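In what follows, a single structure is set out as structure tokens and then discussed.
The values are calculated or read from the model by the stated rules, or taken from the named source; none is laboratory data. Not measured: the values here are computed from a predicted model. With ideal geometry, Cβ positions are generated from the backbone for all residues, glycine too; neighbour counts draw on all protein chains shown. Ligands, DNA and RNA are stripped out before the accessible areas are found, and what is left, the full protein with its side chains, is counted by its heavy atoms. Shrake-Rupley method; radii C 1.70, N 1.55, O 1.52, S 1.80 Å.
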Amino acid sequence: MPWGTEAMLYGVANSIFRPSEFVQSNTAIYSNSRGAIAQYAIQLCIVWALNLTLYALPLTAAGIGFSSQATAPAVFTELTVPLVQLTDSMWQFISTFIRNSVFFTAASAIVLISFHTTVVITNGSRGLMQSFHTVVYTTSAYLAGIFALLMYLSTTDGLSQTREIVLTLQVNTFQAVLDTLGWGVIGIELSLPATTNPGPVTFQGISQTGMILLAVLFLLVLYFVYSVYLGARLNHQMDRTSAIIVATAIVSSPVIYIAGSAAVTILINIYGGQVI
Amino acid sequence: MNQDSSNNEDGSAMSSESVHDAQSSEVKQLMKIKPTIKPNLIQLGLTLAISLVVIAILYDNPELLGTVEATNIALIFVQIVLVILVIRIAIQILIIRSTVYTITDQQVRREYRLLGRNKSREVPYNLVRSVGYSQDRIENLLNIGTISLNEGLGDLELTSIPSSDEAYNIIQEQIKHNR
């Protein structure tokens, strides 16, 4: 695996202009010894960790998710006092960094599980390493881009209308899934909490910057889905139909999350004696 | 297994110059091919034509997607995609213009240059596990083809080849001869 500034620039250029080159793995490596495969797996983990750091570190440095209340536990203080004076600040920084990383890490894990499960079910799997390679590169570039953009929208002044549009689209999607699962599947009405009402998407008042950000967000989502499709085609040598099934499964994986959340809420409400 | 090198020279290590010279002189070049950029030019033309039509439609119908703002977002999206596609095709043209395929009696080799970097890749015939020949619609119209060696195993693809039938037959013959 190439490292260095030149390799990174080529990587960035490939991720935009040649996503097939970006996502494709060198499958010849996987026919080598277990040691070589293990070494490559470690390299992939390093790539993923570096990209996670690139995503979470600026957020942490900007103070997003920061809590000034947190004090370092005694064990941490004991370990770090010989190295740093301000153990509370270090603890707050590390815990904020972890908090900012959790969502992206969880999303990457969901993508890996969904991708590889679907590839195995469609009988197209050439191995876990091929799936791992695909997910590391697709999430590191495109999913991280989506998350970074959403975080930028939620924290930047002057983009309130754009923020509102993204939130409304999210809420409407959630409600559409709940409606399908509720009325369509189990015959009862499911709805989101009263504080998050679905409604029409209003584009009026959106700034030029907001329009560009929405267009870029939509493009990143398409890139992500397309890169997953390419990963299935190139790294698992799947045919078009199977690769489309894999990409559809990734797009549908939030539905599983929503269904799971709804099921848990129903159980809690029933168990707690409340009527839906 | 393919051999990659970042220079034009073959990477095999030799114990003495005379052995290297003797072996080099035994290699017989059978065919040297420069791929054509015609398919990429057609792709570029089609991309520009379709994108400009879509952009014109969106400009002429500002409320096509419900509101002016929604249509503007779609317009920005199409323009970004157009720029990306044009740059992508330009990169492909640059690569193909500097690409040379060499078929010898021992191996098939692809060499190209991009941004001052020379890249070459070769597959010796005794390591070829599969050979494929394909033509998409544009290649069919232009009477050119693509030859793929070892697809799925670190493949080598010879794209946009004029006289692709002849090249394919030579490669097949050499594979049989070298087994």
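The residue list B:Ile73, B:Ile84, B:Ile50 was ranked by how far each Cα lies along the charge dipole of region B:42-179 toward its positive end, using unit charges on Cβ atoms, and B:Ile84 comes out on top.
Specify the inter-centroid distance of region B:102-179 and region A:120-143, based on alpha-carbon positions, in whole Å. With region B:102-179 and region A:120-143 each reduced to a Cα centre, they are spaced 28 Å. Only protein heavy atoms count here; on that basis, with a 1.4 Å probe, B:Ile42 has an accessible area of about 70 Å².
Averaged over the residues of B:110-117, the number of partner chain Cβ atoms lying within 10 Å of the residue Cβ comes to 1. Ordered by 1.4 Å accessible area with all protein chains kept, A:Met8, A:Met90, A:Met238 run largest first as A:Met8, A:Met90, A:Met238. Ligands, DNA and RNA excluded, the heavy atoms of B:Asp105 present near 40 Å² of accessible surface to a 1.4 Å solvent probe.
Per-residue shielding of B:66-73, expressed as the average number of other chain Cβ atoms within 10 Å of the residue Cβ, stands at 6. Of the residues A:Thr77, B:Thr104, ranked by 1.4 Å probe accessible area with the largest first, the sequence reads A:Thr77, B:Thr104. Carbon-plus-sulfur accessible fraction, region B:40-93 (probe radius 1.4 Å, protein heavy atoms only): 74%.
For the residues of A:209-215, the average number of beta carbons from a partner chain within 10 Å of their own beta carbon is 5. Residue ranking by accessible heavy-atom surface, 1.4 Å probe, largest first, among A:Arg34, B:Arg88, A:Arg18 comes out as A:Arg34, B:Arg88, A:Arg18.
A simple spin-label model places the labels of B:Ile93 and A:Val264 5.4 nm from each other, with each point 7 Å out along Cα-to-Cβ. How big is the gap, in Å, between the Cα center of region A:85-117 and the Cα center of region A:198-254? That distance is 23 Å. A simple spin-label model places the labels of A:Leu79 and B:Asn118 5.2 nm from each other, with each point 7 Å out along Cα-to-Cβ. Accessible area per residue was computed with a 1.4 Å probe on protein heavy atoms; B:Lys119 scores about 90 Å².
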